[in-house]
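The values are calculated or read from the model by the stated rules, or taken from the named source; none is laboratory data. Note that the structure is a prediction, hence the values are computed from the model and not measured. So basically every Cβ, Gly included, is an ideal-geometry build from the backbone, and we count neighbours across all protein chains shown.
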Amino acid sequence: MGPHRVSRLVGPSAVAVLLVALAAAAPASASRSWRASAQVGPTSPGRVACSSSTCLALADGSIDVAGPTGSWKVLYSVKGSATSSTSFSDLACDGSLCAAVANSSGTFQGHSVTGPDAFVTTDGGRHWGGHALSKVRGATSTQVLDVACGGPRSCLAVGYYYGATSSGGVAWSTDDAGATWSGRLLPSDVVGGPLACASALECVMASGAIEVTTSGPGGFRAVGAPRPWGSRVPAFQSVTCTARLACVVAGYATPSGQPCRTRTCLPVLLATRDGRHWEDVALPRAVSGQLVQVSCASATRCVAVGDAPSGDPMGGASFVLDGAIGAPWSTLPLPRPASGEWIGATGVGCTAHGRCSTGDLYDRRGGQNFPYSLTGPA
């Protein structure tokens, strides 16, 4: 639900042109702590998740890793065939355990490949294994949307199911670091959405409402939350949790649930210290638009990225916010690109040590979009 992607330059000659352009027009100034790294190559990082010490991102059919300079490189690619495709939908980490979920379709090596998959690493991203998510009783087809990990061996994935006479939310869980997954239908009034877990049993999901469980997938229940956007309809895009269900939900709200393309789009940031009592987070007055992703290194060190509303498919001016659960948030000073503003923010993640990395942001000059990633402390 983030901004639409714009194809980057490809081919050896284009990369050479890009290198020359970046050398001549790098970001003109730097903030005190955040810095920009040029992205050169085929990778296009989007949604971000961080293990204890390394940040990973979903890209075009691959999982990327943030290098020591802050730029991204391909870490793991799904090996498909001409008649099969795998589309990643979400990525999550807890400690050295990370899980990426995807939906596959087509045929592979003569066999039908249709349905949700999980790709798991237990060493922070060095080695990966793929697992088909289990069939769910009562569902004829399933689609996975989001995943969260809440311990060194436990993850929960959620999505949609379609049955002969019904449809709704579905969840898969693992307690053996992704070696096996078990699936079940969610309660009839609960649908899958952005998800985060503070432990194996404590998770928050934000779809049309904010829902909390303290007993695993079957225990999700809607909780009351403030509605600072009035009659506007919220679209939650990201959830992050620390210990004891201290969580933040980020997204936007628009009239009638329209996409975030006009000034009637308001950023949404809600927080809780315990999963039960939620509050609207005070944001700077100058901030408008959508919040794409939020990440916390701890309850007192959180970062979110977003875009102002714009008719441009890349989105309007991008911004980065930081703050603490239970306190107002502020806008972070960023390195200033040659064009004067960043556009097209796709995601952000923070390690437990407080180092944060964004997915792509773009510096648009002369009709070209030059990709960068920003890194800095939470």
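At a glance:
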{"read-out": "Filtered residues of the stretch 283-308 (kept if surrounded by fewer than 24 Cβ atoms within 10 Å (Cβ to Cβ) and in contact (Cβ under 8 Å) with a residue 12 or more places away in the chain)", "value": "L283, P284, A286, V287, S288, A297, S298, A299, T300, R301, A308"}
{"read-out": "Index of the failed condition, C260 passing every other in (1) touching a strand residue (DSSP E or B) at 6+ places or on another chain (Cβ under 7 Å); (2) in a loop (DSSP other than H, G, I, E, B); (3) within 19 Å of D90 (Cα to Cα)", "value": "(3)"}
{"read-out": "Only listed residue being surrounded by fewer than 18 Cβ atoms within 10 Å (Cβ to Cβ), part of a loop (DSSP other than H, G, I, E, B), out of contact with any Leu (no Cβ under 9 Å at 6 or more places or on another chain) and modelled with pLDDT under 85, chosen from A82, A23", "value": "A82"}
{"read-out": "Matching option when the condition is among the hydroxyl-bearing types (S, T, Y) and under 21 Å from I63 (Cα atoms), among S105, S173", "value": "S105"}
{"read-out": "Selection status of V120, without any contact (Cβ under 8 Å) to a residue 60 or more places away in the chain, closer than 21 Å to V78 by Cα and in contact with a Pro (Cβ under 6 Å, 6 or more places away or on another chain)", "value": "no"}
{"read-out": "Looking only at the stretch 339-358, and only at residues there that are at pLDDT below 95 and of a type in the set (G, A, S), the one that is surrounded by the fewest Cβ atoms within 10 Å (Cβ to Cβ)", "value": "G340"}
{"read-out": "Complete set of residues in the stretch 254-274 that are at pLDDT 95 or above and small (G, A, S)", "value": "A271"}
{"read-out": "Residue list for the stretch 265-297, restricted to those being closer than 21 Å to A352 by Cα and assigned to a loop (DSSP other than H, G, I, E, B)", "value": "R273, D274, G275"}
{"read-out": "Residue within the stretch 43-60 that is more than 15 Å from T346 (Cβ to Cβ), assigned by TED's automatic domain parsing to the domain that holds S238 and modelled with pLDDT under 80 present", "value": "no"}
{"read-out": "Members of the stretch 211-246 that are within 17 Å of C265 (Cα to Cα), in a strand (DSSP E or B) and among the hydrophobic types (A, V, I, L, M, F, W, C)", "value": "V233, A235, F236"}
{"read-out": "Count - residues of the stretch 201-210 that are assigned to a strand (DSSP E or B) and not aliphatic (A, V, I, L, M)", "value": "1"}
{"read-out": "Considering residues of the stretch 322-338 that are without any contact (Cβ under 8 Å) to a residue 60 or more places away in the chain and in a loop (DSSP other than H, G, I, E, B) only, the residue surrounded by the fewest Cβ atoms within 10 Å (Cβ to Cβ)", "value": "P328"}
{"read-out": "Only listed residue being surrounded by 23 or more Cβ atoms within 10 Å (Cβ to Cβ), β-branched (V, I, T) and over 26 Å from C50 (Cβ atoms), chosen from V170, V191, V249", "value": "V170"}
{"read-out": "Qualifying residue in the stretch 210-221 (condition: at pLDDT below 90, surrounded by 20 or more Cβ atoms within 10 Å (Cβ to Cβ), out of contact with any helix residue (DSSP H, G or I) (no Cβ under 9 Å at 6 or more places or on another chain) and more than 22 Å from L283 (Cα to Cα))", "value": "yes"}
{"read-out": "Subset of the stretch 176-194 [among the charged types (D, E, K, R), assigned to a loop (DSSP other than H, G, I, E, B) and at pLDDT 90 or above]", "value": "D176"}
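For (1) in the same structural domain as L58 (by TED's automatic domain parsing); (2) within 20 Å of the chain's Cα centre (by Cα); (3) without any contact (Cβ under 8 Å) to a residue 24 or more places away in the chain, each residue gets a yes or a no:
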| residue | (1), (2), (3) |
| --- | --- |
| L145 | no, yes, no |
| C149 | no, yes, no |
| C155 | no, yes, no |
| T165 | no, no, yes |
| G168 | no, no, yes |
| D175 | no, no, no |
| W181 | no, no, no |
| P187 | no, no, no |
